[in-house]
1. Filter segment 1-59 down to the residues that are acidic (Asp, Glu) and outside any helix (DSSP H, G or I) and list them by number.
2. With the checklist (1) loosely packed, with under 14 Cβ neighbours inside 10 Å; (2) modelled with pLDDT under 95; (3) out of contact with any helix residue (DSSP H, G or I) (no Cβ under 7 Å at 6 or more places or on another chain) in hand, flag the one item Gly20 doesn't pass.
3. Can you find, within segment 27-46, the residue that is nearest to Phe7 (Cα to Cα) among those that are among the small types (Gly, Ala, Ser) and in contact with a Phe, Trp or Tyr (Cβ under 8 Å, 6 or more places away or on another chain)?
4. Inside segment 23-55, can you point out the residues that are free of Cβ contacts under 8 Å to residues at least 24 places away in the same chain, open to solvent by 80 Å² or more (accessible area, probe 1.4 Å), closer than 30 Å to Asn94 by Cβ and not basic (Lys, Arg)?
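The values are calculated or read from the model by the stated rules, or taken from the named source; none is laboratory data. Quantities reported herein were computed from a predicted structural model and do not represent experimental measurements. Ideal geometry is used to build each Cβ from the backbone, glycine not excepted, and the neighbour counts take in all protein chains shown. Side chains are part of the model used for accessible areas, which takes the heavy atoms of the whole protein and leaves out ligands, DNA and RNA. Shrake-Rupley method; radii C 1.70, N 1.55, O 1.52, S 1.80 Å.
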Amino acid sequence: MTLLITFIAAVVSAVIWYTGENARMMKIGLLCYMYWGASLMWLVDAVFEYAEMGSEFFLPAAADMLNDAFLGVCAVVLGLIVWTAVLMIKDPCNIVRGAGRDDRRNIL
């Protein structure tokens, strides 16, 4: 489940990056790198786990699937938090820096 969730997030972010007009300015590529890296990490983990467990790998318990799904959602949310922090720091549209200036003009 973790691999599936991060793979879906990686594909969605890659499609948005490729088709979006402002995607490069909004640092969507950073999301692509994070999600594709996580997908690759969990793919390697799945390969080694399959080599260790054999066919039992395809019969996980419901609790294990729920834990894996929760971990995948947490990884996607953490990626979004990191991306938002980078956007706040880089401020490509000057929204954060310009917000204080607009407020002062309205008061005066």
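1. Once the filter is applied, which keeps residues that are acidic (Asp, Glu) and outside any helix (DSSP H, G or I), segment 1-59 yields only Glu21.
2. (3)
3. Ser39
4. If the condition is that a residue be free of Cβ contacts under 8 Å to residues at least 24 places away in the same chain, open to solvent by 80 Å² or more (accessible area, probe 1.4 Å), closer than 30 Å to Asn94 by Cβ and not basic (Lys, Arg), then Tyr33 is the only one that fits.
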